[in-house]
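K.L.:
Just dropping this structure here.
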Amino acid sequence: MRIPLTVMLALSSTVALAQAPEPPLNSPPPAALKGGKSLPPQWEATAREIYKTAVETPTVKGRAGENLKLANYLASKFKEFGWADSDIHVLPYTSVPGNDTAAIIARWPAAGTPKKKPILILAHMDVVDALPSDWTTDPFKLVEKDGYFYGRGSGDDKGGLVPSMVALLKLRASGFKPDRDIVVLFTGDEETQGKGAELGATEWRKWTEAEFALNADGGGGAFTRDGKSLGYGLQTSEKTFQTYFFRVRNPGGHSSRPRPDNAIYQLADALKKLQNHRFEPALNETTKVYFTERAKQEGNSELGNAMRAWVANPADGAAADRIESDPLEVGLTRTRCVATRLKGGHADNALPQLAEATVNCRILPGVQPATIEAELKQLVGPGVEVTPDADAGRPTPVSPLRPDVVGAYTKAIHARFPGAQIIPQMSTGATDGLEFRARGIPVYGVDGGWGVSPDDERAHGKDERIPVQSLWDSTMHWESMIRDLAGK
């Protein structure tokens, strides 16, 4: 689940966007960004072929066999470029009943005795479904026009998967000899259950054990409509996804004789308390650096001053509240819980015997879901049941800012955009990386793709697209990173 550019980076200030001229919705990217270096013709053709096949394979929940079909195709390309059959595993699995999918694991062994533990590269093949009637183009046909590639998954996450894979093919064809094993895991249900990542971090760990992982479903950059850089994010942490159910039960009765207690009213009171509640703010290594850099961008604005105040004093709740009031910074200072679904009652002429709300929480790294559950119970009181969803969230630590990863990412970005700011980020959403972080493998979202903000923020939405140049840039970006992190 690739997070929209401005939400992901929170670097595009409304002031900067307001100053830029308003182009037509589907105008081409700025000329300054279109003019980057391309791949050699052979490799551009290879990237186009794999990208087209990936986008035009409708790898969505419920379409049986499509993820397996894509996994087998990708396996054939790895074999074509020198991977041994014994180093490739196509793994069908059931995500949830009715969603039979597949993953692929491919290993490039080190040349000689490995000098270091392996690197793991993560991406996902599956995409959110799209209705042709909603789109300007067919969502499952790759369309190139006006400097963009259009198609479902063109960004999320086939726009990360394909460049990382093509970079590996290109490096192997060039004679590059890695000094450590490089392992690829492409899953088939990141957008739904995330079972593939869980299996990858547990049952398939014999193939995926690594010193750290590089996630093609995180990171990336953004630019304004006039070509100004808004920076690149390096994702080092993500919140824990956990759902709770609020339930109020009541004997009910005939609607003509209302009771003083009513399940729907009691639930409404509890949800109002939730709406007004603020969990304790907290900084971690990633968000401290993030807000330090963001404050520089904001200058002496009210928001910038609040960021500086909070970094200087993490106990300054008022400063954290001011940061949270900005729509681009929501969820970055604390755990957030929000009601997402509601149901109650069983007949028009009967008092409700049950009222229920689904409450989705995104919990700060390192905080246990049980701790949040206890706080919610105290908040709503004994008349409201608070029950966690059976699919318990897995708290994940913040991945440390490794100098080798940060350095390789910065070098790769600056090769194309020398002045781009590199900012660590904490995702408020979730990716496959959480399953590995939760089990001891640090994960870094380091994709090299980019888009124009807010025009290209279309992941999961209508007319999803990425700039054509972004695909070439990201492939060269991954090539640079792999050379630096796995080279002799």
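K.L.:
Residues of the stretch 113-129 being touching a residue at least 40 places away in the same chain (Cβ under 8 Å) and either open to solvent by 10 Å² or more (accessible area, probe 1.4 Å) or in contact with a His (Cβ under 6 Å, 6 or more places away or on another chain) (or both), which ones? Quick ask: steps written out before the conclusion?
P.N.:
Initially, the stretch 113-129 is screened for residues touching a residue at least 40 places away in the same chain (Cβ under 8 Å), giving 114-129.
Pro114, Lys115, Lys116, Lys117, Pro118, Val128, Asp129, listed by residue number.
K.L.:
Quick one: in the stretch 374-391, which of the residues that are aliphatic (A, V, I, L, M) and exposed (fewer than 13 other Cβ atoms within 10 Å of the Cβ) is farthest from Ala263 (Cα to Cα)? Give the derivation first.
P.N.:
Initial filter on the stretch 374-391 (aliphatic (A, V, I, L, M)): 374, 376, 379-380, 384, 386, 390.
Adding the requirement that they be exposed (fewer than 13 other Cβ atoms within 10 Å of the Cβ) leaves 374, 390.
Numbers: Ala374: 22, Ala390: 24 Å.
Among those residues, the one meeting the criterion is Ala390.
K.L.:
Okay, next question. Kindly indicate the residue of the stretch 284-299 that is without any contact (Cβ under 8 Å) to a residue 40 or more places away in the chain and open to solvent by 40 Å² or more (accessible area, probe 1.4 Å) and also farthest from Arg402 (Cα to Cα) among those meeting that condition.
P.N.:
Applying the filter and picking the extreme gives Lys296.
K.L.:
Oh, and also: Residue under question is Lys239, and the condition is that it be out of contact with any strand residue (DSSP E or B) (no Cβ under 9 Å at 6 or more places or on another chain) and either without any contact (Cβ under 8 Å) to a residue 60 or more places away in the chain or not polar (S, T, N, Q) (or both); does it hold?
P.N.:
Working: out of contact with any strand residue (DSSP E or B) (no Cβ under 9 Å at 6 or more places or on another chain): no; either without any contact (Cβ under 8 Å) to a residue 60 or more places away in the chain or not polar (S, T, N, Q) (or both): yes.
No; evaluated as a whole, the condition is false for this residue.
K.L.:
Further question: Given the options Pro400, Pro382, Pro388, name the one that is without any contact (Cβ under 8 Å) to a residue 60 or more places away in the chain and over 30 Å from Ala32 (Cβ atoms).
P.N.:
Values: Pro400 fails: without any contact (Cβ under 8 Å) to a residue 60 or more places away in the chain; Pro388 fails: without any contact (Cβ under 8 Å) to a residue 60 or more places away in the chain.
Among Pro400, Pro382, Pro388, only Pro382 is without any contact (Cβ under 8 Å) to a residue 60 or more places away in the chain and over 30 Å from Ala32 (Cβ atoms).
K.L.:
While we're on this one: Would you call Arg48 at pLDDT 95 or above, open to solvent by 50 Å² or more (accessible area, probe 1.4 Å) and out of contact with any strand residue (DSSP E or B) (no Cβ under 8 Å at 6 or more places or on another chain)? Spell out the reasoning first.
P.N.:
Numbers: at pLDDT 95 or above: yes; open to solvent by 50 Å² or more (accessible area, probe 1.4 Å): yes; out of contact with any strand residue (DSSP E or B) (no Cβ under 8 Å at 6 or more places or on another chain): yes.
Yes, satisfied.
K.L.:
A further question on this structure: Which one of the conditions (1) touching a residue at least 40 places away in the same chain (Cβ under 8 Å); (2) more than 30 Å from Asp455 (Cα to Cα) does Gln193 fail to meet, given that it meets all the rest?
P.N.:
Status for Gln193: all satisfied but (2).
K.L.:
Give the stretch 46-89 a look and list any residue that's among the aliphatic types (A, V, I, L, M) and under 17 Å from Arg172 (Cβ atoms), or say none. Spell out the reasoning first.
P.N.:
To start, the set of residues in the stretch 46-89 that are among the aliphatic types (A, V, I, L, M) comprises 47, 50, 54-55, 60, 64, 68, 70-71, 74-75, 84, 88.
Residues satisfying the conditions are Ala47, Ile50, Leu74, Ala75, Ala84, Ile88.
K.L.:
Among residues belonging to the stretch 301-333 that are β-branched (Val, Ile, Thr) and either modelled with pLDDT of 95 or more or part of a helix (DSSP H, G or I) (or both), point out the one that is surrounded by the fewest Cβ atoms within 10 Å (Cβ to Cβ).
P.N.:
Within the stretch 301-333, the subset β-branched (Val, Ile, Thr) is 311, 323, 330, 333.
Right, trim to either modelled with pLDDT of 95 or more or part of a helix (DSSP H, G or I) (or both) and you get 311, 323, 333.
Working: Val311: 19, Ile323: 24, Thr333: 27.
Step by step, filter the stretch 301-333, then rank; the result is Val311.
K.L.:
Could you please let me know if Phe279 is surrounded by fewer than 24 Cβ atoms within 10 Å (Cβ to Cβ) and aromatic (Phe, Trp, Tyr)?
P.N.:
On the way: surrounded by fewer than 24 Cβ atoms within 10 Å (Cβ to Cβ): yes; aromatic (Phe, Trp, Tyr): yes.
Yes.
K.L.:
Mind telling me which of the residues Ala201, Ala222 ends up being under 21 Å from Gly440 (Cβ atoms), under 20 Å from the mean Cα position of the chain (by Cα) and buried (at least 24 other Cβ atoms within 10 Å of the Cβ)?
P.N.:
Values: Ala222 fails: under 21 Å from Gly440 (Cβ atoms).
Unique residue meeting the criteria: Ala201.
K.L.:
Determine which member of the set Gly175, Gly227 is at pLDDT 95 or above, on the phi > 0 side of the Ramachandran plot and surrounded by fewer than 24 Cβ atoms within 10 Å (Cβ to Cβ).
P.N.:
Gly175 is the lone residue from the list that is at pLDDT 95 or above, on the phi > 0 side of the Ramachandran plot and surrounded by fewer than 24 Cβ atoms within 10 Å (Cβ to Cβ).
A quick yes/no check of all residues on (1) over 20 Å from Gln235 (Cβ atoms); (2) at pLDDT 95 or above; (3) surrounded by fewer than 19 Cβ atoms within 10 Å (Cβ to Cβ):
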position	(1), (2), (3)
Thr335	no, yes, no
Arg341	yes, yes, yes
Ala347	yes, yes, yes
Leu354	yes, yes, yes
Val359	yes, yes, no
Gly393	no, no, no
Pro400	no, yes, yes
Asp404	no, yes, yes
Ala412	no, yes, no
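K.L.:
Here is a follow-up. Consider Lys34 against the criteria (1) closer than 17 Å to Gly194 by Cα; (2) in contact with a Pro (Cβ under 8 Å, 6 or more places away or on another chain); (3) at pLDDT below 95; (4) not small (Gly, Ala, Ser): it satisfies all of them except one. Which criterion is unmet?
P.N.:
Of everything listed in (1) closer than 17 Å to Gly194 by Cα; (2) in contact with a Pro (Cβ under 8 Å, 6 or more places away or on another chain); (3) at pLDDT below 95; (4) not small (Gly, Ala, Ser), Lys34 misses just condition (1).
K.L.:
Of all residues being crowded, with 20+ Cβ neighbours inside 10 Å and among the aromatic types (Phe, Trp, Tyr) in the stretch 51-92, which is farthest from Met165 (Cα to Cα)? Just the residue, please.
P.N.:
Trp83
The values are calculated or read from the model by the stated rules, or taken from the named source; none is laboratory data. Since the structure is predicted, the reported quantities are computational estimates derived from the model, not experimental observations. All Cβ positions, glycine included, derive from the backbone under ideal geometry; neighbour counts span all protein chains shown. All accessible areas refer to the heavy atoms of the entire protein, side chains included, with ligands and DNA or RNA removed. Shrake-Rupley method; radii C 1.70, N 1.55, O 1.52, S 1.80 Å.
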